[in-house]
Amino acid sequence: MTRTALYRFFGEGGTLLYVGITDDTHRRWTEHAHSKPWWPNVTRKSVEWFDTRAEAATAELLAIKTEGPAHNFGTPGSPEAAARVQAAYEKLLKTEEWAEQMRRDVRVRFGHVANEIVASGVVSQEEVADQVGKTREWVRRLQVKARNAAKRESS
């Protein structure tokens, strides 16, 4: 899990110039300073930290859509800006879909491990549930999913 900053650059009179995300503000701001013609107009910066990049990206897209920074995705409200925001949102959805697939894979792997542990007779299904802080029914469902996945793989 990488903490990620959502940052905003403001100009004279509090005008929002740009919204972005990064895990390294110093590096990213240095890149802006060397590549963006609007950089000299920055008079104030704000930073908000998020636990994950996906959370920061979601907040970034919302800020761009609702706050209309002057230099994100072209002119705010333009078709080009709308298309780029939509593309960024679709990319974020794919990232979230990938994360959900990873969570499913981990649950199936846990089910396999739980099956092996319970089958060994060393620990009961109830003890496995207690150790992971879940109900016995939750562990049982993962074990069934793991067995079904194993059957599909072998056929």
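Filtering the range 110-155 to residues that are at pLDDT 80 or above, surrounded by 14 or more Cβ atoms within 10 Å (Cβ to Cβ) and of a type in the set (S, T, N, Q) leaves Gln125, Gln143.
Figure legend. Inter-residue proximity from the range 115-127: first residues assigned by TED's automatic domain parsing to the domain that holds Ala149 and free of Cβ contacts under 8 Å to residues at least 12 places away in the same chain, second residues surrounded by 12 or more Cβ atoms within 10 Å (Cβ to Cβ) and charged (D, E, K, R), beta-carbon distance below 6 Å, spacing 6+ or different chains. Indicated pairs: Glu126/Arg136. Please go through the range 37-70 and pick out each residue that is over 24 Å from the mean Cα position of the chain (by Cα) and either surrounded by 12 or more Cβ atoms within 10 Å (Cβ to Cβ) or at pLDDT 95 or above (or both). Trp38, Trp39, Pro40, Asn41, Val42, Thr43, Arg44, Ala70, listed by residue number.
Taken over the range 97-121, the residue count meeting the criterion of being under 26 Å from Thr58 (Cα atoms) and polar (S, T, N, Q) is 1. Among the residues that make up the range 73-86, is at least one of them modelled with pLDDT of 70 or more, in contact with a Leu (Cβ under 9 Å, 6 or more places away or on another chain) and not basic (Lys, Arg)? Within the range 73-86 (the criterion being modelled with pLDDT of 70 or more, in contact with a Leu (Cβ under 9 Å, 6 or more places away or on another chain) and not basic (Lys, Arg)), the answer is no, since none of the residues qualifies. For the range 97-133, the set of residues classified as more than 19 Å from Lys151 (Cα to Cα), assigned to a helix (DSSP H, G or I) and of a type in the set (S, T, N, Q) consists of Gln101, Ser120, Gln125, Gln131, listed by residue number.
Within the range 5-27, the set of residues being within 19 Å of Thr95 (Cβ to Cβ) and out of contact with any Pro (no Cβ under 7 Å at 6 or more places or on another chain) comprises Ala5, Leu6, Gly20, Ile21, Thr22, Asp23.
The values are calculated or read from the model by the stated rules, or taken from the named source; none is laboratory data. Note that the structure is predicted; figures quoted are calculated from it, not measured. Counting neighbours? That spans all protein chains shown, and the Cβs are built from the backbone with ideal geometry, glycine included.
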